[in-house]
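Computed from the coordinates by the stated procedures, all read-outs in this text should not be read as laboratory data. Keep in mind that what you see is a predicted model, and the values were worked out from it rather than measured. Here the Cβ positions follow ideal geometry from the backbone for every residue, glycine too, while neighbour counts run over all protein chains shown.
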Amino acid sequence: MTGLDHNALKVAINAIQIFQRAFDQLLEQTTMQLYGGYWRSDDGKSEAITYVEKGSLWLSRLFLNGTDVFEVLEGPLYPRGRRYGLWSTGRDEEFRVAIGRPEPGDVFAGCFPEWVTMDPIFAKGAPVDLMLFGGGPDERVVKVPSVDVVMKRKF
């Protein structure tokens, strides 16, 4: 490296500090465009709400074939307003719902109880927490293969 500053690390850190906020905002906007919104099946029995907050993708409502999935997982007294993270599997447009058991009051548990309890239940050869997104910009869908549900984005 030539010039006044011979410390490449300092230049890299300065560039990151200048551009990182813009990169984060672009990533969040793109994630919301692809995966965020209100989703509903044609028969109206299934619906989901997904959104992005602080760079993470969340699921705040999930009814499948008329059943409140959050209530099934946590019982009728589950805390309203609870949300579940959607984790990328690493495959294009494939996510898993972090439906593991929470550890109330254990600040050191982190996300461990969620990921260690993934795949608790399978149906139709697929984990019940699997969600597959697809379609073009104007015809986005989300599929839940374990119950053969397809929901279209209604925003």
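For K45, the lysines whose Cα comes closer than 26 Å to its Cα, not counting residues fewer than 8 places off in the same chain, are K124, K143, K152, K154.
What translational D, rounded to a whole number of µm²/s, comes out for region 8-97 from Stokes-Einstein when the hydrodynamic radius is the Kirkwood one over Cα pairs, at 37 °C and 0.692 mPa s?
On the way: Rh = 15.3 Å.
Rounded, D is 214 µm²/s.
Applying 1/(1 + (r/R0)^6) with R0 = 25 Å to the Cβ-Cβ distance of S56 and V150 gives a FRET efficiency near 0.50.
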